[in-house]
Every structure is written in structure tokens, then in C-alpha cells.
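Take a look at the structure below.
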Amino acid sequence: MSKFRLLPLAMLVASSFAIADDAKVFKYSDNGTPTSFDTTQAGTSYSNTIVTAVYDTLYEYKYLKVPFELKPNLAVALPEVSDDGLTYTIKIKQGVKYSDDEAFNGGKGREVVASDFVYSIKRHFDPKNRSQGAWLWAGKIVGLDQWKADGADYSKDIEGLHALDDHTIEIKLTQPFPQLTYTLAMGYSALVPHEAVTKYGRELSVHPVGSGPYKLVSHNSTKTVLERNPTYRNETFDLAGSGYDPAVHGKAGIAALDGKTLPIVDRIEANWIKQPSARWNSFTKGNEIQVSTLQNEQIETVLSSKQPVTLNPEYAEKYHYRVTTQSELIYNLFNFDDDYFGLDDDAKTEAQNKALRCAIVKSFNWDERIERFYLGLGKAYPGFILPGTDGFDPNMDKASIQQDIAGAKALLKANGWNAKNLPTLEYPSVSSTRDKQFFEQFRGNLIKIGYPKNKIKFKGYATFGDYNRDLKNSQTQMMGLAWLLDYPDAENTLQLFYGPNRSPGSNSSNYSNPEYDALYKKSSVMQPSPERTAIYQTMNTMLVEDCVGIGSFSRTRIDLWNKDVVVWPQHDFVGNYFKYVDVK
């Protein structure tokens with residue numbers, strides 16, 4: 001039985017409006033299904049896509065701007081920040097209304113006020129909500145953690161979180177947190193009216209009530225339907241302010257959106273189609289879903305070239321396309337709690353362990369991995385800072401992502417490793433066909449450097465949950481991971497190696513280097529600057545030199561869409577782009 005319940009249309013029809021026969025409908029699709037539309041649970045891109053269409057966040061990303069850049073959304077302007085970086089003052093727009101809903105007196109949405117933001121952040125620290133987003137502000141806002149410890153009483157004030165008046169928010173930090181404004185563009189931070197929580201309780205997960213451009217009218221495991229919010233504030237599309245570049249976006253027809261009232265389309269039909277072949281078939285019919293992501297199965301048919309990506313003429317005639325490097329890290333790490341991989345006070349053991357880690361890194365063949373499993377589409381880069389974020393160095397030495405069999409053999413030999421004393425390696429992963437193929441490639445490369453085949457074993461798990469449990473309990477020697485960027489700042493990936501974040505926290509490698517930790521603490525409170533960039537690059541170099549893992553890689557994503565749709569697909573952490581879509 002599906003855990004996703006269809007919302008009766010009668011629940012919302014009173015607050016919806018009739019969709020005319022000539023209404024503009026955008027038929028969107030993705031390969032997963034949202035699990036909840038409660039902002040405390042907006043932990044997947046699927047949920048975030050809908051949450052940021054129904055709710056308002058204080059800030060959002062400029063629709064077309066790369067590198068990513070924030071702009072005010074519900075806020076009037078970017079925050080006013082005190083000289084010490086500890087106090088943020090944010091004005092919000094006046095006259096913004098929540099969408100009409102039975103949760104409000106008379107069914108009419110009331111004005112959005114600053115205290116709604118305070119209430120919405122409190123919800124993340126109410127234990128009964130089991131928030132997925134509390135980590136963003138834990139330990140960072142004065143008094144917030146103590147409020148939770150004292151019983152999460154909503155009637156009690158929090159020193160660091162105030163509504164100074166109906167349209168002014170004040171946030172006081174325990175220490176500078178330059179990434180705060182980024183968190184205020186995430187679906188987690190969206191403003192929720194207390195009336196909706198009171199009326200719907202747990203049903204809020206399928207009955208969101210916000211002040212965003214759209215209202216949810218129905219949802220099940222295969223489709224979510226949104227309709228234009230008729231009470232949405234007066235907002236128009238600003239072409240220049242969106243980051244428009246005619247050389248990049250010109251062919252997509254986006255210039256025609258300039259000055260249009262937002263949102264533009266009347267109805268969004270989000271189709272959740274997990275099977276790539278089914279999504280592709282629906283897309284190519286021409287009258288069903290209007291945007292799709294190219295999968296491996298279609299690449300040889302659709303593309304005439306991979307470098308650069310170019311469509312075959314018959315597809316170029318029908319579709320627009322966009323090529324992006326995804327905002328993700330795909331990598332393998334060593335567990336520094338393991339006797340053979342960890343740091344050690346004994347100089348000889350420390351040197352041997354490092355040599356073993358580095359030899360394994362040298363054995364890995366990124367070119368082969370990308371060609372075999374990603375059909376040559378993707379970008380490998382040294383270290384753990386993503387392209388497009390502050391600190392990424394395109395000129396960084398690429399030796400760590402180039403296979404070096406001779407160098408690996410020499411390193412093992414110089415440090416006393418041989419076939420007899422090399423330890424047994426357990427490669428942990430979910431027992432899927434693809435993951436087993438990853439393992440076979442990994443083992444094949446290790447055999448080339450002299451590692452005995454019988455000492456390289458696959459440790460299979462029935463589910464990701466089982467695997468993740470062992471990972472969080474530091475019960476694996478190695479780990480294959482993917483990290484999706486939460487916001488465009490290298491701090492978000494460098495914190496993966498900060499000692500205090502060790503398992504069960506985000507530092508799954510349990511790497512603990514006092515020098516690295518000191519640099520992380522220093523940079524984490526710094527505003528963007530050349531000095532901070534230099535520190536980020538130093539930290540990245542330390543990770544590479546310490547051979548903390550095999551990294552990194554980001555997949556190439558190719559989005560196609562029908563030429564009767566004006567859209568620039570966003571699939572990273574950005575969200576909130578449905579309101580800019582038009583249908584001819």
C-alpha cells in the first residue's frame with residue numbers, strides 16, 4: 001500500500017480557482033517522489049522543488065545567475081549585518097498574504113509577519129517534529145538549543161530570534177556564520193503559518209499552506225498538481241536582475257519573459273516517473289511531460305557529440321538543451337578509525353598507513369570509471385571542493401585523480417607492504433548490480449598494484465539504511481558516498497572532514513587533523529575574501545596530501561525540453577523556479 005495519500009480535491013477546491021480551457025500548463029517530471037511537504041522534512045530535491053513553489057523563503061537564487069547569487073524574495077533586501085557579524089536584521093515585505101485556506105478565519109489568508117519566521121525556525125527545534133533541517137542552525141543562534149532543552153515551549157522567547165515588529169526579524173548568532181543567508185533560501189527556512197499547523201497537524205505534510213506563487217491541489221505517488229495562487233503578491237520578471245546572458249540563454253527565448261507578471265503558467269503537473277525509459281517515452285510523445293533528463297540509455301541515440309555536448313539534428317530540431325556539472329561530490333573515503341588507515345602516534349605506522357591510503361588512491365582510474373559508467377560524461381577533479389564554489393582551483397595539481405600503477409607499487413614497497421602483510425579490505429556497498437560493478441573495477445585496479453585478489457572483499461548490504469547505519473557507527477573500513485551541495489560555499493564540503501563532526505556526524509571518515517581543524521574553525525566565521533579563499537585551498541591541499549579518500553567526481557547532467565516551453569531547468573539546491581516558466 002502506498003504511503004502517499006491522494007488529497008481529495010474537495011479539501012482545497014474552495015480556495016482554488018477554475019482553470020480555463022486555454023490555461024497554461026507546465027508538465028514537469030523527475031525521477032523520485034516527494035516524501036513530505038512539511039518544511040521540517042524538505043530534505044530531498046523532490047520535496048524542495050514543491051516546497052519552494054508553495055512557501056516563501058526570505059531569499060532565493062537569481063534564476064539564471066552562475067556562479068549562484070542570492071537575491072531578496074520575501075525579504076526587502078539582503079540582511080543588515082553588525083560589524084562583529086553576530087546580529088542580522090532583515091526587513092520583510094508588507095502586504096504579503098498567505099494563500100486562502102480553511103485554516104484561517106473565514107478561509108482568507110492573513111498577512112505574513114516576522115513572527116511567522118520565528119515560529120517556523122522554532123518548529124525545527126521542537127523534538128516532536130524530528131526535523132531534518134535543524135542541523136543548519138544548531139549551536140549557531142543564541143538560546144535556540146536551550147529553548148529545545150527547556151521543553152520547546154512556543155510561548156517562550158529566544159534571545160537570538162526575535163520579531164522586532166511585524167516586518168522586522170532579528171537574528172543573533174553565537175559566533176559569525178557567513179553562510180546564514182544561504183540557509184534562508186533553503187526550503188527548510190520557509191515561513192509556515194501556525195494556523196495551518198494547528199488545523200492539519202501531521203496532515204501538513206500533504207496539505208502545505210504558504211504564501212508562494214502556487215497552491216497544492218492534489219498529490220499522490222505519481223503526480224503532484226499545483227495551481228497559481230490567486231492572492232500572490234505583485235511581482236514581475238526582471239531579465240537583467242536574473243543574470244540573463246544572451247550568449248547562454250538567448251536560444252531558449254527567455255528574453256520574452258522580461259516584465260511578465262509572476263507566476264506565468266496557471267498549472268504545474270509534476271509527474272514522478274522513476275523508470276528512465278518510461279520518462280523518456282512520455283517526453284518524446286510530445287503531448288505529455290515537457291522536460292526530461294537524458295539517461296545513459298539514450299545518450300548514443302540523442303547526442304552527435306559528447307565533447308562538446310551536441311544533439312543529433314532530429315533532436316536539435318525539437319528540443320532545447322542545457323548541460324551542467326551537477327553540484328555534488330561523488331567520492332570514496334577511508335575510515336581513519338581503522339588500524340590500517342588511520343593516523344598514528346608511531347611514525348613508522350603512520351607512514352605505512354598513509355602509504356597504503358595513497359597507493360589505493362593512485363590505483364584508481366577515474367577515466368575508466370567515467371567512460372564505463374557515465375559514458376564519458378562527468379568531471380573528475382582533485383580534492384573535495386566543487387567547481388563553481390569559492391576555493392575551487394582549476395589549476396590544482398591533478399596527480400591525485402590520475403592512475404599511477406608504478407607509483408603505487410613503489411610506494412607500497414618503500415613502506416614495507418607486500419602480498420603477505422597487506423590487510424584484507426572490505427568494500428562496503430548496497431548489493432545492487434551497479435555497485436557490484438563498481439567494486440569489480442575497484443578490485444581490478446588494486447590487483448594491478450599487487451594487492452592479492454582474495455584480500456579484496458565485497459561487503460554487501462540489503463538496503464542503504466543498513467549500510468548507512470554501519471557507516472554512522474564507524475563500522476566500515478571504506479565508504480562510497482555522494483554529497484549534494486546545500487549551498488554554494490566550500491565550507492559545506494570542507495566540514496565533511498572537521499574532527500568534531502565525526503561519526504555519526506557528517507565526517508564519516510573520522511579524519512582528525514588538528515591543523516586542518518584549526519583552519520576550518522578560522523575560515524568558518526570569515527566573510528568571503530581572498531584570505532578565506534586561500535585558506536579553503538590550503539585545506540583542500542591538506543586533504544589530498546593526506547590521501548583521505550578517492551575524490552572527487554561530479555556527473556554531467558543534460559536536460560532537454562520542448563521548444564514550446566520557456567524554461568531554464570534548475571536541479572541543484574536552487575529550487576523556486578516554477579514561477580519563471582512559460583508555455584507558448
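The values are calculated or read from the model by the stated rules, or taken from the named source; none is laboratory data. What you see is a predicted model; the values in this text were computed from it and never measured. All Cβ positions, glycine included, derive from the backbone under ideal geometry; neighbour counts span all protein chains shown. Accessible surface areas use protein heavy atoms only, side chains included; no ligands, DNA or RNA. Shrake-Rupley method; radii C 1.70, N 1.55, O 1.52, S 1.80 Å.
Sub-9 Å Cβ pairs linking a first residue in segment 187-205 that is within 18 Å of residue 47 (Cβ to Cβ) and surrounded by fewer than 16 Cβ atoms within 10 Å (Cβ to Cβ) to a second residue that is at pLDDT 95 or above and among the charged types (D, E, K, R), at least 6 apart or interchain, are 202/38, ordered by first then second residue.
Would you please list the contacts, defined by Cβ atoms under 6 Å and residues six or more apart or on different chains, that run from a residue in segment 43-55 that is outside any helix (DSSP H, G or I) to a residue that is open to solvent by 10 Å² or more (accessible area, probe 1.4 Å)? Qualifying pairs under 6 Å: 43/132. Checking segment 60-69 against the condition returns a match, with at least one residue being open to solvent by less than 20 Å² (accessible area, probe 1.4 Å), charged (D, E, K, R) and not in a helix (DSSP H, G or I). Would you point out the residue of segment 287-321, among those that are within 29 Å of residue 268 (Cβ to Cβ) and of a type in the set (Gly, Ala, Ser), that is most open to solvent (accessible area, probe 1.4 Å)? It comes out as 316. Select from segment 549-572 the residues that are open to solvent by less than 10 Å² (accessible area, probe 1.4 Å) and over 25 Å from residue 477 (Cα atoms) and list them in ascending order. Answer for segment 549-572, where residues must be open to solvent by less than 10 Å² (accessible area, probe 1.4 Å) and over 25 Å from residue 477 (Cα atoms): 558, 559, 560, 561, 565, 566, 567, 569. Evaluation of residue 56 against the conditions (1) closer than 30 Å to residue 276 by Cα; (2) open to solvent by less than 10 Å² (accessible area, probe 1.4 Å); (3) modelled with pLDDT of 95 or more shows that the sole unmet condition is (1).
Counting only residues that are surrounded by 21 or more Cβ atoms within 10 Å (Cβ to Cβ), hydrophobic (A, V, I, L, M, F, W, C) and within 21 Å of the chain's Cα centre (by Cα), segment 108-142 holds 3 of them. When both residues are 6+ apart or on different chains and their Cβ atoms are under 8 Å apart, which pairs have a first residue that lies in segment 510-528 and is within 11 Å of residue 542 (Cβ to Cβ), and a second that is crowded, with 18+ Cβ neighbours inside 10 Å and among the β-branched types (Val, Ile, Thr)? The qualifying pairs are 511/548; 519/535. Here residue 518 clears all of (1) among the small types (Gly, Ala, Ser); (2) open to solvent by 40 Å² or more (accessible area, probe 1.4 Å); (3) closer than 20 Å to residue 341 by Cβ except the condition numbered (3).
Checked against (1) assigned to a helix (DSSP H, G or I); (2) in contact (Cβ under 8 Å) with a residue 60 or more places away in the chain; (3) within 17 Å of residue 417 (Cα to Cα); (4) open to solvent by 10 Å² or more (accessible area, probe 1.4 Å), residue 355 passes all but a single condition, namely (4). The residue that is nearest to residue 289 (Cα to Cα), counting only those in segment 8-24 that are exposed (fewer than 15 other Cβ atoms within 10 Å of the Cβ) and modelled with pLDDT of 80 or more, is 23. Among all positions in segment 404-421, there is no residue which is in contact with a Phe, Trp or Tyr (Cβ under 8 Å, 6 or more places away or on another chain) and either of a type outside the set (Gly, Ala, Ser) or closer than 17 Å to residue 334 by Cβ (or both). In segment 266-286, the qualifying residues are those that are over 26 Å from the mean Cα position of the chain (by Cα) and touching a residue at least 12 places away in the same chain (Cβ under 8 Å), and the one that is least open to solvent (accessible area, probe 1.4 Å) is 282.
Residues that are outside any loop (DSSP other than H, G, I, E, B), among the aliphatic types (A, V, I, L, M) and at pLDDT 95 or above within segment 109-142 comprise 114, 118, 121, 141, listed in sequence order. Of all the residues in segment 226-243, those that are aliphatic (A, V, I, L, M), free of Cβ contacts under 8 Å to residues at least 60 places away in the same chain and in contact with a Leu (Cβ under 8 Å, 6 or more places away or on another chain) number 1. Figure legend. Inter-residue proximity from segment 143-158: first residues assigned to a helix (DSSP H, G or I), second residues open to solvent by 90 Å² or more (accessible area, probe 1.4 Å) and at pLDDT 95 or above, beta-carbon distance below 8 Å, spacing 6+ or different chains. Indicated pairs: 147/156.
Considering each residue of segment 440-464, count those that are surrounded by 17 or more Cβ atoms within 10 Å (Cβ to Cβ) and of a type in the set (Asp, Glu), and give that number. So the answer is 0. Among residues of segment 465-499 being closer than 22 Å to residue 546 by Cα and over 21 Å from the mean Cα position of the chain (by Cα), the one that is most open to solvent (accessible area, probe 1.4 Å) is 475.
For residue 81, the stated conditions hold: it is free of Cβ contacts under 8 Å to residues at least 24 places away in the same chain and open to solvent by 40 Å² or more (accessible area, probe 1.4 Å). Filtered by the rule that a residue be touching a helix residue (DSSP H, G or I) at 6+ places or on another chain (Cβ under 9 Å) and farther than 13 Å from residue 430 by Cα, segment 479-492 gives 483, 484, 485, 486, 487, 488, 489, 490, 491, 492.
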